[in-house]
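Written below as structure tokens is the structure these notes are about.
The values are calculated or read from the model by the stated rules, or taken from the named source; none is laboratory data. The structure presented is a predicted model; accordingly, all values stated were derived computationally and were not measured. Every residue, glycine among them, receives a Cβ derived from its backbone with ideal geometry; neighbour counts consider all protein chains shown. In case anyone asks, the SASA skips ligands and DNA or RNA and just uses the protein heavy atoms, side chains included. Shrake-Rupley method; radii C 1.70, N 1.55, O 1.52, S 1.80 Å.
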Amino acid sequence: MVPLREKIGYALGDAASGGITWKIMSVAFPLFFTNVFGLTFADAAALMLLARMFDVVTDPLMGSIADRTQSRWGTYRPWLIFGAIPFGLVFALLLYTPDLGMTGKRVWAYGFYLLMMVCYTMVNVPYGSLLNVMTEDSDERNQFSAFRMVGAYAMGFVTLFTFAMVQKWAGGSLQHQYAVVGAVFGLIATVMTLACGLLTKERHQPVRAEKFSFKQYADLFRNKPWVYMTLVAVCTNFFNGFRYAVVGYMFTYCLYGDVTVGRFIINYTAFMAFGEVTCMVFGAVSPWFTRKVGSKRMAFVWASVICCVCSVAFFFIPMDATYIWVMIAVSMLTSVGAGLYSPLLWSMYADVADYATDTYGTSSTGLIFSSGTMAQKFGGAISASLIAFLLGVAGLVSETDILTGDTVVTITNEQSVRTMVWALFSLFPAVIACIMAVLAYKFPLKK
């Protein structure tokens, strides 16, 4: 039996990467780059797409490197221990707006975004792979995954709920506020990542393939469970990516700013924080739900159906701030499904890794978990890039004033922009959730 302290330590890893860095990158980055940093919508779309295409190479490579690492700290833990500081530092620099011309700002944004993806990969791929060497028990892996998701969503709630508070505390221009947000949350992410590496323990040695071989990559595409799992993972991050990346625009152009309810102010990060609490609760419930349904596969299917139905329902809510609590309620119901499937994703990847070891004779745990991380970033990138592109097509134009350096956003077709934003938060994710349910139903492993 793995002690509770270690499960909490493991949860801190995704609290840092999923609950802080990835959450801010998903929710705040699209709006930050177009409305604060000063990139055009075309630049922002290209930036997020290019960075994730870069991950198609770096994620599997990192998985192979991690699988072959041997040190006094183990196979996967040293990457968390020594990667913690660059991980938090680069994240902080990415939210800083330099006093440069448009070309200089593009170079800064592209350079640090790509570097951030490298740092994220360097930490997150070994972190996911760590699950397979801490325990071989399937039920205990479910528990670790549940702790991981609770940690991510609990910290996601804290991050999103306090985001505006940190901005207000920082004061000054929006550029200064985001720079302070990056420094504060970057430091917290560093401490949590380091703690995860120090508090966890590797109990089992992977069956190593000491020599690098492209056969491992070929074996992946012959591994039917891996193919289905990776397609499912891409869909989950398409689903989340659309909702998180567009919510800032929804508040800006559909609800016309923050919504005041009595003395309570709801901005776009606070709005998504309600969903984080829901995900945290139902992430903890997920192992029980899986036992009741009978398999991880069917639990994933039912969770996807919940996401689909609730996303469609959101589209029919009037685009009016007086319905804010209805919006929050339906968004929270959508998060019930997301909370249920999130722990299952990584537990099912562990099953896929076991299947690969049994079938092909050597461990490719890091490589397989890297594909999960790659799918996460690929889905998030395509969705964020599509959002920037489609909003540009719908009538949003972002540019930097040459004289003042300020970001200027204009709207050429307001109704088109509002409809597009609303659909991107509801109907687009609904279609993805439907596809996700079908793929999960066809997943070959019946555990």
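What is the distance in Å between the Cα centroid of the stretch 247-297 and that of the stretch 131-198?
When both Cα centres are located, 16 Å separates them.
I'd like to compare 235-244, 178-187: which one has the highest average count of other Cβ atoms within 10 Å, and what's the full order after that?
Numbers: 235-244: 26.7, 178-187: 20.9.
Answer by packing, highest mean first, reads 235-244, 178-187.
Longer than 27 Å from Cα to Cα, which of K7/K296; K23/K292; K23/K105 are they? Say none if no pair is.
K23/K292, as the Cα separations exceed 27 Å there.
Along the charge dipole of the chain, Cβ charges K/R +1 and D/E -1, which of V90, Y228, V421 sits furthest on the positive end?
Going by the Cα projections, it comes out as Y228.
How large, in Å, is the stretch 92-192 by the Kirkwood hydrodynamic radius built from its alpha-carbon pairs? The partial results should precede the final answer.
Numbers: mean 1/r = 0.0624 Å⁻¹.
Over the stretch 92-192, the inverse of the mean reciprocal pair distance is 16.0 Å.
Going from the alpha-carbon gyration tensor of the chain, what semi-axes, largest first and in whole Å, does one get by taking the root of 5 times each eigenvalue?
34, 25, 20
Carbon-plus-sulfur fraction of the accessible area of the chain, 1.4 Å probe, in percent? The partial results should precede the final answer.
Working: 11730 of 16960 Å².
Percent of accessible area from carbon and sulfur atoms in the chain: 69.
How far apart, in nm, are the 7 Å Cα→Cβ label points at V326 and D139?
Once both label points are built, they end up 4.5 nm from each other.
Could you give the DSSP H helices of the chain that reach 20 angstrom or more along their long axis (alpha carbon positions) and whose average Kyte-Doolittle hydropathy is no lower than 1.6?
77-94, 296-315, 427-441
With the other protein chains left in place, how much accessible area per residue, in square angstrom, belongs to the chain at a 1.4 angstrom probe?
Numbers: 16960 Å² over 447 residues.
It amounts to 38 Å² per residue over the chain.
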